[in-house]
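Accompanying notes for the structure given below.
The values are calculated or read from the model by the stated rules, or taken from the named source; none is laboratory data. Predicted model only: the values in this text are computed from it and were never measured. Cβ coordinates were reconstructed from backbone atoms using ideal geometry, including for glycine residues, and neighbour counts include every protein chain displayed. Areas reflect the complete protein model, heavy atoms only, side chains present, ligands, DNA and RNA absent. Shrake-Rupley method; radii C 1.70, N 1.55, O 1.52, S 1.80 Å.
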Amino acid sequence: ETLGLFLRVYRPDQGYDSLGGVALPVIEALKADLSSGLSPEFGMDLESILSKLPMFLFNDELIETYDVTRPFVGTNVTFHRCSDAGLFPNAHNEYIIATLPENYTNKVAVVTFTPPTVEDTYTGGEFQGGTDVRYWSFCTGGLGETGTPDCICDDEVRKNPDGTATIIIAPLSLKESIERKGFNFMRWGLVYKPVLVHRQMLAATGFDGRIGNVPFIDRPPAPEDRNQAFFDENAAPNFIGEYAPTGKIYSILEFYTWLKTPPCN
């Protein structure tokens, strides 16, 4: 009944507005014989907006997916690829998601991975081609309300001496300590059913670390798949190796011990 047209601008180049420095597209209606047709009405009325809110706010499928998945990962940060059907997916982006503890306020999540190569155009560099992906990012979020309190993207990430990158999700009070050590900080925010989302845009077909190589699990997982063996078998590292973020959940006290002698240093 309603046709949706979406223009996604993930990150405009430096100095451009939120549309990337170009005007919104002009929409024209044409008949089959290419003569002028009646243009559709634009916008969305309140009734239509309200009808779509259950997809994004406390979606039963998303919450059940979190509740089923969470016990199988424990204190590990383990990424899986869940179906994004119904959440306005698009062909350019692929996602993996890690469920994080609900009692996160006194917890720290540490993840490390090998970053894909990307285009470096944000500050005016020329498009080169031949990179692993066009763009990648991480976002903290809540699977209950599909919110994203914090994000970090490819050119903002500081790398470790060995070329990997470590991202730490922690209370805001730890930001200075984390960044002083050279790691990347993200805040928890206020969320329900917390998750960490890793996104790749326009990954090269032959790229070994392409998220598209990770198989989908149902949302929510089928009853016969609700077991440890299934989640272990379908974890992202089995399919994209070092490009899959992996890590642990720590208490704040445990994290300070880790911070003194982090494995990557």
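Things to note:
- Only one item in [x] 39; [y] 49; [z] 45 matches percent of Cα pairs over 26 Å apart derived from the coordinates shown, and that item is [y].
- Mean Cβ count within 10 Å, highest first, over the residues of peptides 50-57, 246-253: 246-253, 50-57
- Close amide H pairs (under 5 Å, H built 1.01 Å from N) link SER83 with ILE217, ARG219, residues at least 5 positions away or on another chain.
- Of interest is the spacing of the C-alpha centroids, which for the stretch 193-253 and the stretch 1-24 amounts to 29 Å.
- A cut-off of 5 Å between modelled amide H atoms, ignoring neighbours fewer than 5 places along the same chain, links MET186 with ILE168, ILE169, ALA170.
- From its DSSP helices (H runs of at least four residues, each -39,500 (n - 2.57)), the chain gives a residue-normalised ellipticity at 222 nm of -4500 deg cm²/dmol.
- Interchain or long-range residues, amide H under 5 Å from LYS248's placed H: VAL77, VAL110
- Accessible surface of the stretch 108-188 [probe 1.4 Å, protein heavy atoms]: carbon and sulfur percent: 47
- Model label points for ARG187 and ARG8, set 7 angstrom from Cα along the Cα-to-Cβ axis, are 2.6 nm apart.
- Solvent-accessible surface of the chain, averaged per residue with a 1.4 angstrom probe and all protein chains in place: 56 square angstrom.
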